[in-house]
Amino acid sequence: MTEAHASPPTRIASLDVIRGVAVMGIFSVNVMSFAMIGSAYLNPTAFGGHTGASLIVWGGNLLLIDGKMRSLFSILFGASMMVVVERAQAKGQSAWWTHARRMAVLFAFGLVHYTFIWFGDILTNYALAGLVIFLFRRQPPRTLITLGVAAIIVQSLFFAWQSAEALQVQMAAHAPGASKAAVDAWNRMAGFYHPDAARIAKDQMRHLGPWSAMFERRFGRWDTYFTYLALDLPATIGLMLIGMAGFKSGFLTGSWSDGRYRRFAAWAIPAGLAGFLAILMFTVHTRFDGVALEGSVFLVGGEFAAFMALGYAALIILLTRKRGQLTDRIAAAGRCAFSNYLGTSILATFVFDGWGLGLYASLTRWQVWLVAPLFWAIMLLWSKPWLERFHYGPFEWAWRSLSRWSIQPFRKIKPVVGPVGI
């Protein structure tokens with residue numbers, strides 16, 4: 001670690017605050033994947049309870065948080081790329097080389113995160129999408145928005161095709177005189193949507209067993225991992241392109257008037273909320289049918305989530321115009337978003353997996369969600385004091401140093417007060 005007097009470039013406050021809200025919000029839905037079988041992330045009947053407080057938590061997450069914070073984080077990534085590129089160009093550096101090295105290191109971090117810590121990594125996805133969006137950095141905001149929306153629709157169409165296939169399998173298995181092959185095909189699929197006790201017990205044993213068992217499982221499933229990357233890439237690219245447009249138009253930098261932000265939030269949030277309310281009602285109507293739930297979320301959820309994410313961004317900017325202690329702490333959490341994202345993965349696996357406290361599959365959905373505010377508090381408590389002493393969060397510093405191939409300034413030097421010398 002090298003000490004230096006140099007300070008990082010001036011921050012764009014709105015980007016930090018929005019990123020801070022997003023990284024905290026992401027954990028409030030990811031915590032379910034740390035705590036229970038993956039099927040339960042979307043389907044409350046899979047595990048964790050789907051009545052009372054647990055049903056409220058599931059519905060609240062679906063309506064207000066799930067997909068929206070991930071979308072917001074992706075949008076911010078596109079805006080941040082523009083900041084990095086512009087600063088590199090201002091210094092006379094190669095924008096492409098600067099950006100490509102950052103994405104290469106981010107991809108490596110993602111592989112380590114997936115292999116050694118948690119299967120739900122998004123960093124490799126962001127690194128690949130980041131390489132693509134660089135090609136469109138000179139496009140005007142209107143073009144970026146058009147391309148971004150088109151990319152999100154492409155992913156929705158692909159999931160529509162997937163959902164149609166799943167529905168065909170389900171209908172064939174439940175048709176009068178269904179063949180054994182059709183029934184077997186559905187049973188294999190239904191095992192994911194509605195896992196039985198044996199599957200849940202096997203999943204629990206795996207998570208509560210030695211860490212090496214989870215490592216071997218993830219290491220042996222690279223094909224599944226990279227398939228997921230490919231499936232999720234179009235929407236991620238689309239959201240990042242929209243983020244680039246939001247940066248260029250001044251929307252994400254806080255340059256719009258309060259009235260304009262109010263008008264935008266007033267239609268974007270209700271529009272997205274109406275879509276997810278329809279998904280929720282449809283899910284309840286189908287009695288939490290796994291195919292119907294997943295199909296509806298993946299078919300139209302991306303578009304509605306983007307509306308809400310942008311509406312949230314406008315609302316966050318409005319509410320944090322006047323900086324205060326809480327806003328400053330949220331901004332600090334946003335400046336340390338990379339460290340907070342990786343740090344919560346490490347801490348959450350310690351809380352739930354067998355190598356730590358071993359709480360996996362032992363709590364109901366509403367009990368698991370109570371872990372989220374605790375993690376929010378940790379993010380808010382450590383980030384600001386850390387940045388008062390250091391230029392960057394620990395993982396931000398590592399990312400910056402590795403991508404620049406040199407140790408970057410880390411610890412801040414306090415100014416000398418009073419006369420120096422004899």
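From the residues 161, 140, 183, which one has its Cα farthest along the dipole of the range 118-202 in the positive direction, the dipole being from +1 and -1 charges on Cβ of Lys/Arg and Asp/Glu about the Cα centre? After comparing all options, I get 140.
At full extension, residue 171 and residue 357 could sit 62.7 nm farther apart than now, given 0.36 nm per residue minus the alpha carbon distance.
Could you work out the helix-only [θ] at 222 nm for the chain, with each DSSP H run of four or more residues adding -39,500 (n - 2.57) and the total divided by the number of residues, to the nearest 500 deg cm²/dmol? Walk me through the intermediate numbers first.
Numbers: 17 runs with 300 residues, N = 422.
The helix contribution divided over the chain gives -24000 deg cm²/dmol.
Modelled label-to-label distance, residue 83 and residue 100, 7 Å Cα→beta-carbon offset: nm? If labels sit at residue 83 and residue 100, their model points lie 2.5 nm apart.
Compare the peptides 381-389, 169-177, 365-373 by average per-residue count of other Cβ atoms within 10 angstrom and give them in order, highest first. Intermediate results must be reported in sequence, preceding the final value.
Values: 381-389: 15.7, 169-177: 12.7, 365-373: 18.8.
Averaged packing, sorted descending, gives the order 365-373, 381-389, 169-177.
Dipole orientation for the range 2-412: of the candidates 361, 57, 131, 131 has the Cα lying most toward the positive pole (charges on Cβ; Lys, Arg +1; Asp, Glu -1).
Per-peptide packing, taken as the mean over residues of other Cβ atoms within 10 Å, places 266-278, 39-51 in the sequence 39-51, 266-278 from highest down. Across the range 1-141, Cα-Cα distances exceeding 20 Å account for 60% of all pairs.
Could you tell me the calculated FRET efficiency between residue 277 and residue 202, based on Cβ-Cβ distance and R0 = 35 angstrom, to the nearest 0.05? Can you show the working numbers first?
Values: r = 36 Å, r/R0 = 1.02.
Between residue 277 and residue 202 the formula returns 0.50.
For the chain, the longest principal axis of the Cα atoms and the long axis of helix 325-335 meet at an angle of about 80 degrees. What nm value, rounded to one decimal, do you get for the distance between residue 262 and residue 12 when each label is placed 7 Å out toward the C-beta? Here the answer is 2.5 nm between the modelled labels. Under the simplified labelling scheme, the residue 284-residue 224 pair shows an inter-label distance of 3.3 nm, with each label point 7 Å from Cα along Cα→Cβ. Relative to the longest principal axis of the Cα atoms of the chain, the long axis of helix 394-404 lies at roughly 70 degrees.
Compared with the dominant Cα axis of the chain, that is its longest principal axis, helix 180-193 is turned about 40°. Using the Cβ of residue 112 as centre and a radius below 14 Å, the other residues enclosed give a net charge of 0, where K and R count +1 and D and E count -1.
Just want to confirm a number: the relative contact order over the chain, from Cα pairs under 8 angstrom separated by 6+ residues, in percent.
Working: 557 pairs, mean separation 139.6, N = 422.
This gives 33 percent for the chain.
Amide H to amide H, with H built 1.01 Å from N, residue 358 comes under 5 Å of 352, 353, counting only residues 5 or more places away or on other chains. In terms of its Cα atoms, the chain spans 94, 49, 40 Å along the principal axes, sorted from long to short.
With only Lys, Arg, Asp and Glu charged, each at its Cβ (+1 for the first two, -1 for the last two), find how big the charge dipole of the range 249-326 is about the Cα centre; round to the nearest 20 debye.
Details: 7 positive and 4 negative charges, 112 e Å.
So the dipole magnitude of the range 249-326 works out to roughly 540 debye.
Find, to one decimal place in angstroms, the Kirkwood hydrodynamic radius of the range 94-137, where the mean of 1/r is taken over every pair of different Cα atoms and then inverted.
Numbers: mean 1/r = 0.0937 Å⁻¹.
Evaluated on the range 94-137, it is 10.7 Å.
Taking 0.36 nm per residue of separation and subtracting the current Cα-Cα distance, fully stretching the chain between residue 216 and residue 146 would add 21.0 nm.
Over the range 100-168, with a single point scatterer placed on each C-alpha, what log10 of the ratio I(q)/I(0) does the Debye formula yield at q = 0.12 1/Å? Calculated log10 I(q)/I(0) at the listed q: -0.50.
Estimated at 0.36 nm per residue, the fully extended path between residue 232 and residue 91 surpasses their Cα-Cα distance by 47.3 nm.
Read-outs: derived from the displayed coordinates by stated rules, not from any lab. Since the model is a prediction, treat every value here as computed from it, not as a measurement. When we count neighbours, we look across all protein chains shown, and the Cβ atoms used for this are built from the backbone with ideal geometry, even at glycine.
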